[in-house]
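Just so you know, all these numbers are worked out from the coordinates, no wet-lab data involved. Every value quoted in this text rests on a predicted model; they were computed, and no experiment measured them. A quick note on method: Cβ atoms are made from the backbone with ideal geometry, for glycine too, and the neighbour counts reach across all protein chains shown.
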Ligand code: FES
């Protein structure tokens, strides 16, 4: 689709058209090209997963997925996600970098309860299956615990 959009932009010069048709043609081609480019503008956010040994994984995660799903789809070691995101296992526990923690949506009661069962939770702990990736979280950094429960 990206290539098709580029081809449309390159066809702007049509010498045989009247000036009015040229203007309309250019406007409609630009609108059409914009339509094709919109999906590429901002549908991914960069999430950094830091393993407990310090190894970093910078991953582009589709907006709308959870931080857990981004990890699982990209084979990030250290997020087990045994329950598949139904907030019933706490094996997707992460420590959110302090500067990002307050930008997240608030925890639900159930998440707090599950975090009590996580391995060494702290005040920056979250279940990554409860963090939905959005544009606002582009650049989010999470650290993985030594182990999952
Ligand atoms: Fe089980 Fe998040 S995947 S609580």
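What nm distance separates the two modelled labels at residue 117 and residue 30, each placed 7 Å from Cα along Cα→Cβ?
The answer from the label model is 5.7 nm.
Classify region 46-149 as rounded, prolate or oblate, taking a ≥ b ≥ c as the square roots of the eigenvalues of its Cα gyration tensor: rounded when a/c is under 1.5, otherwise prolate if a/b is larger than b/c and oblate if not.
Rounded shape, in that the Cα axes give a/c under 1.5.
Once you have the Cα-Cα distance between residue 73 and residue 124, take 0.36 nm times their residue separation minus that, and quote the gain in nm to one decimal.
Residue separation times 0.36 nm, minus the Cα-Cα distance, leaves 16.0 nm.
Once both labels are modelled 7 Å past Cα along the beta-carbon direction, what's the residue 107-residue 132 spacing in nm?
Using points 7 Å along Cα→Cβ, the separation is 2.0 nm.
What is the gain in length, in nm to one decimal, between residue 97 and residue 44 on full extension, counting 0.36 nm per residue of separation less the C-alpha to C-alpha distance?
17.1 nm
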